[in-house]
Structure formats: structure tokens, C-alpha cells
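Reading through the C-alpha cells given below for one structure.
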């Protein structure tokens with residue numbers, strides 16, 4: 001596995017770092033807590049700069065940008081605690097773009113579902129926030145949708161059907177002011193959520209959704225790895241500045257050794273994510 005980034009990937013990293021360093025400051029993150037953990041101004045900038053739709057199939061890039069590029073941006077977003085549901089939005093946008101090719105099987109339904117998927121894909125390209133529910137719907141339990149309370153709509157998997165439910169039909173709740181969530185319920189095996197729109201149906205649609213869930217896991221892991229590395233860097237800087245008994249506390253074994261152990265764990269987590277991306281690129285099945 002080659003861990004060397006290309007010049008284009010390094011430029012992407014630099015651009016994302018400049019954006020989040022300027023627009024996801026601690027003051028902005030704290031202010032977003034009062035808005036359910038969502039910063040709409042930051043989201044709009046991500047849309048304008050193309051970060052929000054970087055994984056979405058485009059005419060000039062049918063597969064969108066690569067998964068590793070999305071991982072690099074997610075790491076930086078995590079490092080700055082960016083108040084946007086980036087993993088959910090990236091996977092939601094990509095799935096919408098893919099679903100245009102997986103309309104409902106019958107001729108009567110195919111045109112309607114393809115049109116619905118295309119219409120929402122166009123809205124996402126214009127800045128609408130559509131997120132992904134990372135678990136299939138279940139008749140006996142609610143499904144929590146990260147970022148759902150901030151999103152215009154959420155994508156859900158019901159059997160082999162991919163549904164879109166607008167926020168007005170979701171039970172939107174705020175979790176501790178640091179993350180916007182929504183809950184979707186289905187009361188029986190034969191009842192879909194209120195306001196659900198069928199976007200696609202069949203084995204291909206189900207496979208696309210399940211693959212999107214796996215991508216969401218990787219992007220979330222990347223975001224957490226970036227957060228962990230930044231937190232560890234802050235801890236190390238503090239240990240170098242804070243003095244006790246006329247020595248920096250970082251010189252004490254009780255501080256230095258746990259920090260070193262944590263660095264190994266953080267770097268190992270990042271390496272595992274990159275390894276998974278490499279495996280997907282070489283053995284997608």
C-alpha cells in the first residue's frame with residue numbers, strides 16, 4: 001500500500017485545512033451548538049467550493065472524486081469539529097446520483113422514481129442537505145439519522161426499497177447541542193414512514209444503499225481519527241507548556257507515556273481507514 005499522496009491530494013488537503021481553520025473556529029463551533037450543532041454558513045461554503053458534492057457522480061467525473069479524497073477532507077473536518085454532518089451528506093449525495101440508474105422495476109414506476117431521484121440530485125447540487133440513515137428501517141425500533149434534524153431530507157432503506165423522507169415527516173430532535181439527529185419509525189412491516197417517496201427498488205438499489213452505509217462508516221472513522229489527532233496535539237502542546245516542580249509536565253512519565261501510547265493508537269486508526277480504502281479500490285467486492 002502506497003501512503004504517498006499525489007500533488008492534487010495534497011492541494012485538496014491544504015484547501016480543506018484553510019477552509020476549516022478559518023470557518024470552523026472554536027467560537028463558530030460553540031455558536032453552532034445553539035443551532036442544533038449545525039452551521040449553515042459553513043455548509044454553504046462547502047457547497048460553493050464543491051466539497052459537499054465531491055463524491056457525487058458528475059458529467060465530467062462519472063464516479064465523482066475518489067473515496068480517499070473524501071477521507072482526507074473528513075479527517076480535517078473532524079480535526080476542527082466542523083459543525084456539519086459531512087459523512088452523512090457526502091454519502092447521501094453520492095447515493096442520490098447513483099439511484100438515478102436504479103429506478104423502480106416496473107415501467108410505470110420507473111419514470112416516476114427516476115424523476116424523483118434526479119430532482120433531488122439537482123437540489124443537492126444546488127445546496128440541499130440530504131443525509132443517509134446508517135441502518136435499514138426496522139419494524140420494531142426507531143432508526144436514528146445523524147444530521148437528520150439539519151437536513152432537508154433523509155434517505156432510508158426499507159427492504160430493497162430506497163425511500164426519501166423530508167424533514168417535516170421526521171421526528172427531529174437535538175442531541176446535547178452538538179449533533180443534529182432525527183428519528184424515523186415504521187409501525188409494521190407493511191407501513192412506510194409518512195411522506196416517504198420511493199426513489200428506487202430492487203437488488204441493485206439495496207446493494208447501492210448498503211455500500212453507501214459502508215462508505216459512511218469509513219468517513220465517520222476518518223473524521224474521528226482527525227479529531228483524535230488534533231486533540232492529542234493539543235494535549236501534547238499543553239503538556240509542554242504547563243510546568244510543575246519547575247519542569248514541563250510532559251517530562252513526567254505519567255504524562256509522556258500515555259501520550260505516546262495514544263499517538264500509536266491514533267496513527268493506527270488512520271492507517272486502518274486508509275487500508276480499508278485501498279482494499280475497496282483493489283477488491284471492491
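All of the numbers you see were taken from the coordinates with simple rules; none came from a lab. Just so it is clear, the model here is predicted, and its values are computed rather than measured. When we count neighbours, we look across all protein chains shown, and the Cβ atoms used for this are built from the backbone with ideal geometry, even at glycine.
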*Which of 44, 244, 35 moves most in a GNM of the chain, Cα contacts under 10 Å?*
244
*Could you order peptides 152-159, 82-89, 262-269, 48-55 by the average number of other Cβ atoms within 10 Å of their residues, highest first?*
82-89, 152-159, 48-55, 262-269
*asked:* I'd like the orientation of helix 7-23 relative to the chain: the angle between its Cα long axis and the longest Cα principal axis, in ° from 0 to 90, rounded to 10.
replied: 80
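Under 8 Å for C-alpha pairs, at least 6 residues apart: give me the relative contact order for region 116-252, rounded to a whole percent. All intermediate terms of the calculation are to be shown ahead of the outcome.
Working: 211 pairs, mean separation 27.6, N = 137.
In percent, rounded to a whole number, it is 20.
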*Please list the radius of gyration and Dmax for region 215-282, considering alpha-carbon atoms only, with Å as the unit.*
15.6, 54
_On Cα atoms only, tilt of 86-99 relative to the major axis of the chain in degrees_ = 30
_Largest to smallest principal axis extent of the C-alpha atoms in region 1-61, angstrom_ = 41, 28, 19
*By what distance, in whole Å, do the Cα atoms of the chain stretch along each of the three principal axes, largest value first?*
78, 40, 34
*For the chain: relative contact order, % (alpha-carbon pairs under 8 angstrom, 6 or more apart)*: 19
*Highest-MSF residue in the chain out of 170, 137, 271 [GNM, Cα springs under 10 Å]*: 271
*Mean residue ellipticity at 222 nm from the helices of the chain, using -39,500 (n - 2.57) per DSSP H segment of n ≥ 4 over the full residue count, to the nearest 500 deg cm²/dmol?*
-18000 deg cm²/dmol
*On a 0 to 90° scale, report how tilted helix 253-282 is relative to the longest principal axis of the chain, with both axes built from alpha carbons and the result rounded to the nearest 10.*
30
*Could you tell me the largest-minus-smallest coordinate of the C-alpha atoms of region 130-285 on each of the three principal axes, in descending order and whole angstroms?*
69, 40, 25
